[in-house]
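What follows draws every value from the coordinates through simple rules; no lab data is involved. Keep in mind that this is a model prediction, so the values were computed, not measured. Every residue, glycine as well, gets a Cβ built from its backbone with ideal geometry; the counts of neighbours run over all protein chains shown.
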Amino acid sequence: MAKMWSISAEDALFISTRSAEFGYLVDRGRATECAKLFTPEAKLIFNPGSPKLARFEGFDAIKSFLAGRQAQTHVTTRHAATNFRFTEAEAGRVRCHSLLTIYRSEDEGREPSISAVCDIDEVYGRAADGEWMIEERLTTPVFTKG
């Protein structure tokens, strides 16, 4: 089991806010802006159980995927991220584990449903300016709709 790692309250707040920012931007029709949260070599991975099993590597691939999501203007979502936990990763990196509940509607009536409850596992590293950036984001559905 990974050992809990002590990071500063400031870093924990920044990283958990950055993680939640991903869902916020997607939910507001601004998914393409999520690309700025990632390093140039980052990985965005959707494991089995995801609507689209996929792996995107590098800034351009991630941004292209996010542009496709942003184009789905008929889809309304809300991402609720909770239970943030931090563990040490290799060489100055931090792992952030959280629980994500996704509410989704694909029609104008906006009939809500929980489409998935997922484990989110991210690895953060510092950019040259010292800011924490996502190096890897792994989405693993635990419960899915139908």
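A few points about this structure:
- Solvent-free Debye calculation, one equal scatterer per alpha-carbon of the stretch 1-66: log10 I(q)/I(0) at 0.26, 0.27 Å⁻¹ equals -1.14, -1.16.
- Exposure proxy ranking, count of Cβ atoms within 10 Å, fewest first, for Glu33, Glu108, Glu41: Glu108, Glu41, Glu33
- Electrostatic bookkeeping for Thr144 treats Lys and Arg as +1 and Asp and Glu as -1; over the other residues with beta carbon under 13 Å from its beta carbon, the sum is +2.
- Spin-label model, Glu57/Thr17: points 7 Å from Cα along the beta carbon direction are separated by 3.3 nm.
- Counting neighbouring beta carbons within 10 Å and listing from fewest to most, the residues Arg69, Arg30 come out as Arg30, Arg69.
- Counted by Cβ distance under 13 Å from Glu131, the other residues give a net charge of -2, where Lys and Arg count +1 and Asp and Glu count -1.
- The chain: projected area of the alpha-carbon convex hull, averaged over directions, in nm²: 8.9 nm²
- Projecting the Cα atoms of Ile45, Ala116, Ser6 onto the dipole axis of the chain, where Lys and Arg carry +1 and Asp and Glu carry -1 at the beta carbon, places Ala116 farthest toward the positive end.
- Basic side chains Lys and Arg get +1 at the Cβ, acidic Asp and Glu get -1 at the Cβ, and with that the dipole of the chain about its Cα centre reaches some 280 debye.
- A compact globular protein would have a Cα radius of gyration near 2.2 N^0.38 Å; the ratio found for the stretch 74-125 is 1.50.
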